[in-house]
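The values are calculated or read from the model by the stated rules, or taken from the named source; none is laboratory data. Small disclaimer: the values here were computed from a predicted structure and weren't measured. Cβ atoms come from the backbone with ideal geometry, glycine included; neighbour counts cover every protein chain shown. To get the accessible areas, we keep the full protein, side chains included, count just its heavy atoms, and leave off ligands, DNA and RNA. Shrake-Rupley method; radii C 1.70, N 1.55, O 1.52, S 1.80 Å.
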Amino acid sequence: MSEYSVQVVGAAIVDSLESPSWMLVAQRSAPESLAGLWEFPGGKVESGESCEQALERELMEELGVSVHLGSEVQGDHPQGWVLNEKAAMRVFLVEISRGEPLPLQDHRELRWVSVKKQSGQDILDLPWIPADLPIVRELLSILHQS
Ligand SMILES: Nc1nc2c([nH]c(=O)n2[C@H]2C[C@H](O)[C@@H](COP(=O)(O)OP(=O)(O)OP(=O)(O)O)O2)c(=O)[nH]1
């Protein structure tokens, strides 16, 4: 049995896996408690799905895009990054392979933000879901090493 009963997957969508300069972040439209906060597009893994399959499905449903999956942004738990007492999220770097991302479902706005070292603070200044902040920090540190 997994420790966290809700497995979530999230995508750090970058313009290029090889040489990332921009990341697509999404502002939630619901539920009320999360509306207006920024997040990694994605959602809950359904039964019978792998995390990778769930992420591909969610990105098609929410944004209308197909993707290539890159490496995982490792959290400190086997289920990824702990979000709350019930849920943990695995996060993957992703590149769009087909389609133009649109806020089709669950999002108010999508925004490409620079991940360059000198602009890292711009991303951190967005009102993220609080549980995502350590993930964003780790992601920036990985991207700045490469
Ligand atoms: N997608 C996503 N969810 C996050 C992030 N950070 C975070 O705490 N969460 C939480 C919010 C939700 O409680 C849960 C994911 O739920 P969701 O509403 O996105 O999942 P879903 O698309 O499958 O929607 P549903 O079937 O529950 O309607 O994880 C994040 O960066 N991305």
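Where the second residue is open to solvent by less than 70 Å² (accessible area, probe 1.4 Å) and outside any helix (DSSP H, G or I) and the first is over 21 Å from Arg28 (Cα atoms) and lies in the range 126-146, which pairs have Cβ atoms under 7 Å and are six or more apart or on separate chains?
Close Cβ pairs (under 7 Å, with a partner that is open to solvent by less than 70 Å² (accessible area, probe 1.4 Å) and outside any helix (DSSP H, G or I)) amount to Glu138/Val73; Leu140/Val115; Ile142/Val73; Leu143/Pro20; Leu143/Val115.
If you take the residues of the range 1-34 that are among the hydrophobic types (A, V, I, L, M, F, W, C) and over 19 Å from Trp112 (Cα atoms), which of them is surrounded by the most Cβ atoms within 10 Å (Cβ to Cβ)?
Among them, the one singled out is Val9.
What are the pairs with Cβ atoms under 9 angstrom where one residue, in the range 1-17, is more than 15 Å from Trp38 (Cα to Cα) and the other, located anywhere, is open to solvent by 40 Å² or more (accessible area, probe 1.4 Å) and of a type in the set (Ser, Thr, Tyr)? Sequence gap at least six, or different chains.
That search, which allows pairs on different chains as well, returns Leu17/Ser71.
Among the numbered criteria (1) free of Cβ contacts under 8 Å to residues at least 60 places away in the same chain; (2) within 13 Å of the ligand (Cβ to nearest atom); (3) open to solvent by less than 50 Å² (accessible area, probe 1.4 Å), which one does His107 miss?
Result: His107 passes all but (1).
Would you point out the residue of the range 113-129, among those that are in a loop (DSSP other than H, G, I, E, B) and either touching a Leu at 6+ places or on another chain (Cβ under 7 Å) or within 13 Å of the ligand (Cβ to nearest atom) (or both), that is least open to solvent (accessible area, probe 1.4 Å)?
Result: Val115.
Restricting attention to the range 72-88, which residues are within 12 Å of the ligand (Cβ to nearest atom) and either of a type in the set (Val, Ile, Thr) or modelled with pLDDT under 95 (or both)?
Of everything in the range 72-88, those that are within 12 Å of the ligand (Cβ to nearest atom) and either of a type in the set (Val, Ile, Thr) or modelled with pLDDT under 95 (or both) turn out to be Val73, Val82.
Please state which one of Leu139, Leu110 is in contact with a strand residue (DSSP E or B) (Cβ under 7 Å, 6 or more places away or on another chain) and assigned to a strand (DSSP E or B). Spell out how you get there, then give the answer.
Working: Leu139 fails: assigned to a strand (DSSP E or B).
Just a single option satisfies the conditions, and that option is Leu110.
Just to confirm my filter: which strands (runs of 3 or more DSSP E) fall fully inside the range 1-103 and include at least 1 residues that are closer than 30 Å to Gln121 by Cβ and aromatic (Phe, Trp, Tyr)?
In the range 1-103, the matching strands (runs of 3 or more DSSP E) lie at 22-28, 87-98.
For the range 50-71, state whether one or more residues are touching a helix residue (DSSP H, G or I) at 6+ places or on another chain (Cβ under 7 Å), within 12 Å of the ligand (Cβ to nearest atom) and at negative phi.
Applying the first criterion (touching a helix residue (DSSP H, G or I) at 6+ places or on another chain (Cβ under 7 Å)) to the range 50-71 yields 65-67, 69.
Okay, now just the ones that are also within 12 Å of the ligand (Cβ to nearest atom), so none.
No, the range 50-71 contains no residue that is touching a helix residue (DSSP H, G or I) at 6+ places or on another chain (Cβ under 7 Å), within 12 Å of the ligand (Cβ to nearest atom) and at negative phi.
Does Asp132 satisfy the condition of being on the phi > 0 side of the Ramachandran plot, charged (D, E, K, R) and surrounded by 13 or more Cβ atoms within 10 Å (Cβ to Cβ)? Quick ask: steps written out before the conclusion?
Numbers: on the phi > 0 side of the Ramachandran plot: no; charged (D, E, K, R): yes; surrounded by 13 or more Cβ atoms within 10 Å (Cβ to Cβ): yes.
Answer is no for this residue.
Taking the condition within 12 Å of Trp22 (Cα to Cα) and surrounded by 13 or more Cβ atoms within 10 Å (Cβ to Cβ), does Val73 pass?
Values: within 12 Å of Trp22 (Cα to Cα): no; surrounded by 13 or more Cβ atoms within 10 Å (Cβ to Cβ): yes.
When the stated conditions are applied, Val73 does not pass them.
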